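Visitor: Let me begin by handing over the structure; questions about it come next.
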Amino acid sequence: MFALKVIGPCEGVTMTDPRRYLIRMMLFLGIVAVVIGLLLKPLTAAFMGNAALNSLIVAVAVIGIIYVILQVLRLVPEVRWLSDIQRTRTLNPSAPKPVLLATVNVMLADARSDSRLSALSLRSVLDGVAGRLDEGREISRYIIGLLVFLGLLGTFWGLLQTIGSVSQVVGGLDLVNSDFEALMAQLRSGLDAPLSGMATAFSSSLFGLAGSLVLGFLDLQLGQAIGRFFNEVEDWLSAFAKYNDPAGQQGGDASALAQPMSEEAARALISVAAAIDSSEENRAQMLAQITAMNQNMHQLAELLEDDRRLRDQLASLHASLDNVANEMAMSRSAHHNELRAEIRAISARLSDNQKATTSGLRAKKD
């Protein structure tokens, strides 16, 4: 089973049953049959004017009616096939293949197809469908023209018979030796052939034009059925199309260059465009990453600047601490020197006092 991806607003397109046009045809044929029944006696008399030619005209008309009905019935399996695809969204290769929609079947069964068509491919597919539909109508149009031709042929044939018979009647009249009653009898008997020719002329025209009228209405219904079928197929296939208007973006020259382009070249250009779009997305992602990296580096630079300021402050603080330590050392050394001097002075005083005391005691002893 080939999976299909139907997109766009045409996903809900429903196909019209062609048999509805058959109902109109049958109603019209019923009305024609009623009219023939009401005018059966005069039509029978007219038909016997030239039974061979009129039988040929009626046979051609009946063949045309059957052919038009078969052409309408020919659309029924095509509509059923397309309706199954729209309903199941799958293409069954084992199912009977369509005849009128053969190009559509090939397009859907193409393994390389990505369910997207260029406008040129869509036009080619639709042209194939339209060509097959027009083939059926050409025969019905030919039969309509054939009925008119047979009617005119009978008309001219009857007129030729009439003219020939009148000339024979006029040439065969004996105006010298015959009396009036014999002349009128001869004229009456001679007018049977011209009247037979006139009957052939008018009856063939009657049946030919009537047959073309009936078949023309049926062909009109066939045309409406084919037109509705083609329009619905076109609406459904338009969901697969990629419309790209280079003329609106790059001017008329680009459109003129794109028209003779082959399908393979169009596919290659589509691939290149997809690659360019992908590279543009990658470039946009890289630009976003570079922008984020610049922001991070800016934040890192600010952090480094703060760290440098902190180091400078720490160095200044360390220098201040060194100065304080030196001052404290110098002050402690000065206090030590003063303390030593005072201790020495106290020692000297004590020594002097001791010496004075010792000399006093010695003086008392003496």
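Values quoted throughout were computed directly from the atomic coordinates according to the rules given, and no laboratory measurement underlies them. Please read these numbers as outputs of a predicted model, since none were measured by experiment. Quick reminder, even Gly has a Cβ in these numbers, built from the backbone with ideal geometry, and neighbours come from all protein chains shown.
Visitor: How much length is gained on full extension from VAL324 to THR44, taking 0.36 nm per residue of separation minus their Cα-Cα distance?
Guide: Computed gain between VAL324 and THR44 is 86.4 nm.
Visitor: Would you please give the FRET efficiency between THR90 and ALA284, computed as 1/(1 + (r/R0)^6) with r the Cβ-Cβ distance and R0 = 41 Å, to the nearest 0.05?
Guide: It comes to 0.65.
Visitor: Also, quick follow-up: Rank-order 18-27, 348-357, 212-221 by packing density, defined as the average count of other C-beta atoms within 10 Å over each peptide's residues, highest first. Before the final figure, lay out each step's value.
Guide: Values: 18-27: 15.5, 348-357: 10.0, 212-221: 19.6.
In decreasing order of mean packing, 18-27, 348-357, 212-221 become 212-221, 18-27, 348-357.
Visitor: On to the next question. On a full-extension model of 0.36 nm per residue, what is the gain between ALA348 and VAL35, subtracting their alpha-carbon distance, rounded to one decimal in nm?
Guide: The ALA348-VAL35 span can extend by a further 95.8 nm.
Visitor: Also, quick follow-up: Cβ under 14 Å from ALA301's Cβ, ALA301 left aside: what net charge do those residues give with Lys, Arg +1 and Asp, Glu -1?
Guide: Around ALA301, the surrounding residues sum to -2.
Visitor: What FRET efficiency would be calculated for the residue pair ARG332, MET297, taking the C-beta separation as r and a Förster radius of 51 Å, to the nearest 0.05?
Guide: 0.50
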